[in-house]
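Down below is the structure, laid out as structure tokens.
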Amino acid sequence: MPELPEVEVTRRSFVAAIEGAQVLSADLGKPLRWPLGCAPEQLTGRVVRTVERRGKYLLVALDQGWLLLHLGMSGSLLFSSHLPPPGVHDHFELVTSNGTLRLHDPRRFGAVVYVDSLADPQAHKLLGHLGMEPLSPAFELAAFGAALKQRKTAIKQVLLCGDVVVGVGNIYASEALFLAGIRPTARAASLSRPRVARLYGAIRDVLTRALEKGGSTLRDFSSANGESGHFQLDAMVYGRVGLPCKVCASPIKLIRQGQRSSFYCPVCQKR
Ligand SMILES: [Zn+2]
């Protein structure tokens, strides 16, 4: 599943190239997770102002309205002026004067939704519940700590939920908790201030490193200019059950939390 760093790397890979482009056509393949929300012909003639990101949504700002794109479980975007004809898994294309933005999504959990404004109820439904952006200056330690104090559930599940902080998926949550020395099952509300501070730093650290290295934790990830993501997170715990901890050599453990795998070191993450 594409996570926040992949989505941000994707955005950066085509934002400059698509800015100022005029939409020539929007073409749909098989249905995606939600309907487009307008007739595709309505997009013809509009101009792409820029591409922003909120959580794992890419927000394509048009001179009138927005396209909200989500990569779902298996989606990837390509932007190029030389694309082969669409294949069976290509379900959306925005053909512009600068090139074509194409969504390739074999499992079709991705989405492209048009809204007139970000205040539109549909936009609010998709974006309104999203937590703080972990890489933005608005992500503040005090606010993070205050939000965790309200949660009685396990910290790992609070991170995955995305309503406190967005974009910390399973891999990054596991790694950040390891770096912070916090067991995934620890109750969020019970974390002391120094531990919250360590976790806050660890989340920024893990995501920043993933972003710098090209952001790929997904095997078939490619950023929108077709360049393969070359970064495999150098995981300390994720996917390493039974292998020795890279810090203390204890075998890494695996538990299930809310249908998701949690990897941790029983020594480095005592509680
Ligand atoms: Zn260890």
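Could you grab the pairs with beta carbons closer than 8 Å, sequence gap of 6+ or different chains, first residue in segment 254-271 and farther than 14 Å from residue 155 by Cβ and assigned to a loop (DSSP other than H, G, I, E, B), second one within 14 Å of the ligand (Cβ to nearest atom) and among the aromatic types (Phe, Trp, Tyr)?
Matching pairs, first to second residue: 265/178; 268/178.
Scan segment 253-271 residue by residue and report those that are near the ligand (Cβ under 8 Å from one of its atoms) and aliphatic (A, V, I, L, M). Spell out how you get there, then give the answer.
Pass one, segment 253-271, residues near the ligand (Cβ under 8 Å from one of its atoms): 265-269.
Residue satisfying the conditions is 267 alone.
Restricting attention to strands (runs of 3 or more DSSP E) lying wholly within segment 1-116, give those where 3 or more residues are over 30 Å from residue 205 (Cα atoms). Explain how you work it out, then say what you get.
Values: elements: 23-28, 48-54, 57-62, 66-70, 76-80, 90-96, 99-104, 111-115.
Filter on segment 1-116 gives 23-28, 90-96, 99-104, 111-115.
Would you check which residues across segment 140-181 are part of a loop (DSSP other than H, G, I, E, B), under 20 Å from residue 197 (Cβ atoms) and over 16 Å from the mean Cα position of the chain (by Cα) and list them?
Listed by number, the residues that qualify are 140, 150, 151, 181.
Quick one: in segment 1-55, which of the residues that are among the basic types (Lys, Arg) and either in contact with a helix residue (DSSP H, G or I) (Cβ under 8 Å, 6 or more places away or on another chain) or buried (at least 17 other Cβ atoms within 10 Å of the Cβ) (or both) is farthest from residue 170 (Cα to Cα)?
To start, the set of residues in segment 1-55 that are among the basic types (Lys, Arg) comprises 11-12, 30, 33, 46, 49, 53-54.
Filter once more, so that each one left must be either in contact with a helix residue (DSSP H, G or I) (Cβ under 8 Å, 6 or more places away or on another chain) or buried (at least 17 other Cβ atoms within 10 Å of the Cβ) (or both): 11, 46, 53-54.
Working: 11: 21, 46: 38, 53: 20, 54: 18 Å.
Looking at residues that are among the basic types (Lys, Arg) and either in contact with a helix residue (DSSP H, G or I) (Cβ under 8 Å, 6 or more places away or on another chain) or buried (at least 17 other Cβ atoms within 10 Å of the Cβ) (or both), I get 46.
Which of the residues spanning segment 99-130 are more than 16 Å from residue 88 (Cβ to Cβ) and of a type in the set (Gly, Ala, Ser)?
Listed by number, the residues that qualify are 99, 111, 117, 119, 123, 128.
Considering only residues of segment 1-46 that are among the aliphatic types (A, V, I, L, M) and touching a Pro at 6+ places or on another chain (Cβ under 9 Å), which is nearest to residue 66 (Cα to Cα)?
Residues of segment 1-46 that are among the aliphatic types (A, V, I, L, M), as a first pass: 1, 4, 7, 9, 15-18, 21, 23-24, 26, 28, 32, 36, 39, 43.
Those left that are additionally touching a Pro at 6+ places or on another chain (Cβ under 9 Å): 4, 26, 28.
Working: 4: 20, 26: 13, 28: 17 Å.
In this case the residue turns out to be 26.
Within segment 101-128, how many residues turn out to be exposed (fewer than 14 other Cβ atoms within 10 Å of the Cβ), among the small types (Gly, Ala, Ser) and in contact with a Gly (Cβ under 8 Å, 6 or more places away or on another chain)?
So the count comes out to 1.
Laboratory data are not the source of any read-out in this text; all were calculated from the coordinates shown. Just so we're clear, the structure is a prediction, and the values are computed from it rather than from any experiment. Cβ: placed from backbone, ideal geometry, glycine included. Neighbour counts: every protein chain shown.
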